[in-house]
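Enquirer: Here it is: the structure, laid out below.
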Amino acid sequence: MKELKKTLDAGGHCILEMPTGTGKTVTLLSFFVAYRAARASIGKLIYCTRTVGEIDKVLEELERVLAYRRDCNVDVASENQLVAVGLTTRRNLCLLPAVKDSETREEADSKCRSLTASWVREGITSRSSDSLCPYYENLQQKGELFQIPPGVYSMSSLNAFGEEQGICPYFTARRSLQYASIIVYNYHYLLDPKISRMISTELERDCVVVFDEAHNIDDVCIETMSVHLKKDTIQRCYQNLNHLSGLVQDAKQRNAQQLLEEYQRVLRGTPFLATSETDALLAAPVLPDSALQETIPGNIRKAEHFLRFLRRILEYVQNVMQRNVATQEKTGAFLQSMASLLQSDFKALKFSSDRLQSLIQTLQITHLLEFQPIQTLADFVTILGSYPTGNAFVVIFEPYDERYPSIPDPLLQLACLDASLAMQPVFSRFRSVILTSGTISPIELYSRILMFTPVTAKSLTMSFQRRNVCPMIVTRGADQLPVSSKYDYRHDPSVVRNYGTLVMEMARIVPDGIVCFFTSYIYMETMIQLWHEMGIIKKISEYKLIFIETPDNLECTLALKNYRKACDCGRGALFMCVARGKVAEGIDFDRHYGRCVIVLGVPFQYTESRVLRARLEFLRTNLQISEGDFLSFDAVRQAAQCIGRVIRSKTDYGIMVFADKRFNRPDKKNKLPKWVLQFLDDAHCDLSVDMAISIASAFLKQIAQPFHADAGTGIALISEEQLLELMETNDKKWDSMEHSNYFLSSKVSQV
Ligand code: SF4
């Protein structure tokens, strides 16, 4: 809280590393609510999370904080008027079964648009028609000034409120962003320029933004600014262009006025209709402010000319994708060759996305899903045109998927290499941005990658009532041969056997659930097969039921469900999964669901990937971050993310095993979060498998001793009296510091 206050007082940004499950969210919320009550000048809190489940968790915590403040009779007059809302997609906040049961988000958006677009509504006289959404119509009838009553609205309570009032929860939530004091939504609503320009434009500068679980935020930034084109996208782009040309011809015959009006709007420099919230489409992926002052070039003002322009680009892109060799070009070089072949300059490129959106709206197209391929192509050329120079982007073409080099599968990527591009607008727009995660070390590298200077950057430790975390680094087997997932070692029979023995012995001594992370799916499959041949799998299954993560979402969910069942009934289970996978990122293994986590190997990225190589070069030349530093930083944060899965509260306990000799090197070990290092004694490093097993047994024995919650009072939990005492001591300390500062400054002035 002290660090947060320092940041908000200074009006800057900060990075805080706080262990997950030890009250990070509740601390942030309690502080913000109290700070806002004391300083009316502070704006909204925009709390960004990764998943829908996390949105609801944050709002639940907020409800608890507000209830506690009410119980304590804090002056809560302003809080009684507080609106806190969680915004997610239409699929989650829709009441119409036909829309909410859509298979994808895009499909739901498209169906909703076909019921609510302004021209659809204008064309229908009866408000009770089946072609309209009754919930949206009811919301419209309530008028622009309608506001939801003060309260905390999670996804379920918004849906319940919508049901009760007969209004659309999704648009109610979107409208409430203007007056809500606390907004909880996904990262992308702020980071992705396509969505942010549609949803978050009206948020004021005074807002405080929190990015929770921000350890991968650089990857999210890069992902939002990169575009991939595959062969089937190109084929479908042709179909889209033919369809659009047909619609333009139709419109010319039916209502030429419509196209003429659009042309005039383009001439005036205001091509975008944005007449109603339901018409708004995803914006251009990027359009620098300077571009907004420019007029749209003549060659794309008329609809037919614009479609011809897109067709020529498409033909060029298709030609590129017929190459047999992989290529990598800077955007400038790619644009030059495109411009010389198309015999036109590339000034118009950066307007492509917005020009396409304008045309889609003019033609009153509601089934947007069908036109996704051409929108992807328009995004591709818009980004290309917006960054004609510099090395923040690179165009990479690969004729084959590296895993299947005999099957042609062309892929053209416009890869963003600079994570700060998506982040900078957020830093410059809002008063304070707080990045927090349990695994964000080393913090200094993080601020360099995102190119900002934080006011506060701190890694906080944990105060546990007893030693309930037992991290250790295993570097060798009982036979003293090293263990590592390094390519040269990984198939060595001794490494396979030693890793197998480690997992098997842990399965024998640790009760309930164990989670075991591998560096990749291929590595996991190979190890399981070799362990099976060595009889290790059979032995493990004597102690635990074995479950495996697969890339298939449904299979994985089912495996997790059964894993939990096995832990609940006391049989015990082992879950084998991969670092950077779904399980590593968002699944908690708290309490008996995860008493031990083993990371087999250092989860480095696939270094032969062209995109990664290009990014490493960018980091080296632009930010002076060496290849080794970045790869180690990235691998260790992934490993820390994996081990963090098992400690989700202060009363939880677990064993954390880093099994690779490379974890023992200072360049890896020192990059671990402070809250892990505080428990990683020298005696727990450089262990052999048998030493690790005896340390784990001793830890389990110690943790099994009777323990009273009161024993931790004064360490991790403080009573009201202790708090007052602490404050008094701190005050005295401050007084004496000020006193000594006074003496110091007076001495300095005397000198
Ligand atoms: S307006 Fe709301 S309730 Fe109606 S279809 Fe769209 S999201 Fe669903």
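Enquirer: Under the Karplus relation 6.51 cos²θ - 1.76 cosθ + 1.60, θ = phi - 60°, what is the ordered set of whole-Hz ³J(HN,Hα) values for the range 346-354, x standing for Gly and Pro?
Expert: 9, 5, 6, 4, 5, 9, 4, 4, 5
Enquirer: Something else: Along the charge dipole of the chain, Cβ charges K/R +1 and D/E -1, which of ALA378, ALA573, ILE182 sits furthest on the positive end?
Expert: ALA378
Enquirer: Set the Förster distance to 30 Å, then compute FRET efficiency between ASP71 and PHE707 from the Cβ-Cβ distance, nearest 0.05.
Expert: 0.60
Enquirer: Want the number for ASN553 to ALA333: 0.36 nm per residue separation, take away the alpha-carbon distance, what's left?
Expert: Result: 75.2 nm gained on full extension.
Enquirer: Restricting to the chain, compute how many DSSP beta bridges are antiparallel as a %, nearest 5.
Expert: Bridges in the chain that DSSP calls antiparallel: roughly 25 percent.
Enquirer: For the ranges 537-550, 424-437, what's the packing order if you count other beta-carbon atoms within 10 Å of each residue, average per peptide, and put the highest first?
Expert: The packing order, highest mean first, is 424-437, 537-550.
Enquirer: Now for a separate question. Quick one: length gained pulling THR453 to GLN257 fully straight, 0.36 nm per residue minus the C-alpha distance?
Expert: 65.3 nm
Enquirer: For the pair GLU617/THR201, report the inter-label distance in nm, with labels modelled 7 Å from Cα in the Cβ direction.
Expert: If labels sit at GLU617 and THR201, their model points lie 3.8 nm apart.
Enquirer: I've got another one for you. Would you calculate the separation in nanometres between label points at THR607 and SER41, each defined as 7 Å from the Cα along the Cα-to-beta-carbon direction?
Expert: Here the answer is 5.1 nm between the modelled labels.
Enquirer: Would you work out which of ALA303, CYS112, LEU139 lies farthest towards the positive end of the dipole of the chain? Charges go on Cβ: Lys and Arg +1, Asp and Glu -1.
Expert: Comparing the listed Cα positions along the dipole, ALA303 ranks first.
Enquirer: Relative contact order for the range 469-707: what is it in percent, counting Cα pairs under 8 Å that are at least 6 residues apart?
Expert: Value for the range 469-707: 33 percent.
Enquirer: If you stretched the chain out fully between SER463 and ARG312, how much longer would it get, using 0.36 nm times the residue separation minus the C-alpha to C-alpha distance?
Expert: Length gained between SER463 and ARG312: 48.1 nm.
Enquirer: Using a/c under 1.5 as the rounded threshold, could you call the range 518-559 rounded, prolate or oblate? The axes a ≥ b ≥ c are square roots of the C-alpha gyration tensor eigenvalues, and prolate needs a/b larger than b/c, oblate otherwise.
Expert: oblate
Enquirer: Here is a further query. Under 17 Å from a label point 7 Å along Cα→Cβ of ASN80: give me every residue in the range 15-55 with its amide N that close.
Expert: The answer is 37.
Enquirer: Just need the relative contact order of the chain here, percent rounded to a whole number, with Cα pairs under 8 Å and 6+ apart.
Expert: Once normalised by length, the contact order is 16 percent.
Enquirer: Efficiency by 1/(1 + (r/R0)^6): what FRET value for LEU726 and GLU164, r their Cβ-Cβ distance, R0 = 51 Å, to the nearest 0.05?
Expert: The computed FRET efficiency comes out at 0.65.
Enquirer: Calculated FRET efficiency, HIS532 and ARG665, Cβ-Cβ r, R0 30 Å, to nearest 0.05?
Expert: 0.40
Enquirer: Could you work out [θ]222 nm for the chain from helices alone, using -39500 (n - 2.57) per DSSP H run of at least four and dividing by all its residues? Round to the nearest 500 deg cm²/dmol.
Expert: Mean residue ellipticity, 222 nm, calculated: -15500 deg cm²/dmol.
None of the figures in this text is laboratory data; all of them are computed from the coordinates on show. Please read all numbers here as calculations on a predicted model, not as lab measurements. Note: ideal-geometry Cβ built from the backbone for every residue, glycine included; neighbour counts use all protein chains shown.
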